[in-house]
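K.L.:
Take a look at this one; I'll ask things after.
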Amino acid sequence: MTTLPHSCPSCGQTMVIVKLSCPDCGTEVSGEFNLCPVCKLDEEFHKLFDTFLRARGNLKQVQRELKVSYPTVRARIDKLFYELDKKREIPPAKDILKKLRQGEINVDEAENLLRNH
């Protein structure tokens, strides 16, 4: 199994998953699914994210693994979180309210989405 590409190799736009399948029973689900913010990171940030998780958020451990200074680790992690924030797709408030009216989401979900605006 290969890693998901984070962008289109032809035009550079964000890729969309359109089919999922079970390797055991062959069940397939088709649709248009968004990639999670972490999946949209380029390879360098993805490796940093994995290192951060392995270190359980301990920047001193990340520093040791990457063999760089603490300020360098801190700057890279800050940039990683900035990139993750950019990759999050928050729908416009009017779309959130429309989904709420149509019963697609509940009040708590709408409140959480609106709080992130």
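All of the numbers you see were taken from the coordinates with simple rules; none came from a lab. Computed from a prediction, not measured in an experiment: that's the story for all the values here. No Cβ is skipped: glycine too gets one built from the backbone with ideal geometry, and neighbour counts run over all protein chains shown.
K.L.:
Can you work out the base-10 log of I(q)/I(0) for the chain at q = 0.14, 0.20, 0.22 1/Å, using the Debye formula on its C-alpha atoms alone?
P.N.:
Taking Cα atoms of the chain as identical point scatterers yields -0.85, -1.12, -1.16.
K.L.:
Give the longest segment of the chain that steers clear of GluC sites (Glu not before Pro) in DSSP loops with at most 14 neighbouring Cβ atoms within 10 Å, not counting the sites themselves.
P.N.:
Numbers: sites that count: GLU89, GLU104.
The segment 1-88 is the longest one with no such site.
K.L.:
Can you compute the modelled spin-label distance between CYS39 and ALA93, with each label point 7 Å from Cα toward Cβ, in nm?
P.N.:
Distance between the two pseudo-spin positions: 3.0 nm.
K.L.:
While we're looking at this one, here's another question. Filter the trypsin sites (Lys or Arg not before Pro) in region 12-78 to those in DSSP coil with at most 13 other Cβ atoms within 10 Å of their Cβ, and list the result. Each step should come with its number before you reach the end.
P.N.:
Details: sites: LYS19, LYS40, LYS47, ARG54, ARG56, LYS60, ARG64, LYS67, ARG74, ARG76; in loops: LYS40, ARG56, LYS67.
Taking region 12-78 and a limit of 13 other Cβ atoms within 10 Å, the loop trypsin sites (Lys or Arg not before Pro) found are ARG56, LYS67.
K.L.:
Still on this structure: Which cross-chain or sequence-distant (5 or more) residues have an amide H under 5 Å from the amide H of ILE17, H modelled 1.01 Å from N in plane?
P.N.:
PHE33, LEU35
K.L.:
Of LYS47/LYS94; LYS40/LYS99; LYS47/LYS98; LYS19/LYS60; LYS47/LYS99, which ones are farther than 30 Å apart at the Cα?
P.N.:
From the list (LYS47/LYS94; LYS40/LYS99; LYS47/LYS98; LYS19/LYS60; LYS47/LYS99), the Cα-Cα distance tops 30 Å for LYS47/LYS94; LYS47/LYS98; LYS19/LYS60; LYS47/LYS99.
K.L.:
List the aspartates and glutamates whose Cα sits under 20 Å from the Cα of LYS86, skipping any in the same chain fewer than 8 residues away.
P.N.:
ASP42, GLU43, GLU44, ASP50, ASP78, ASP95
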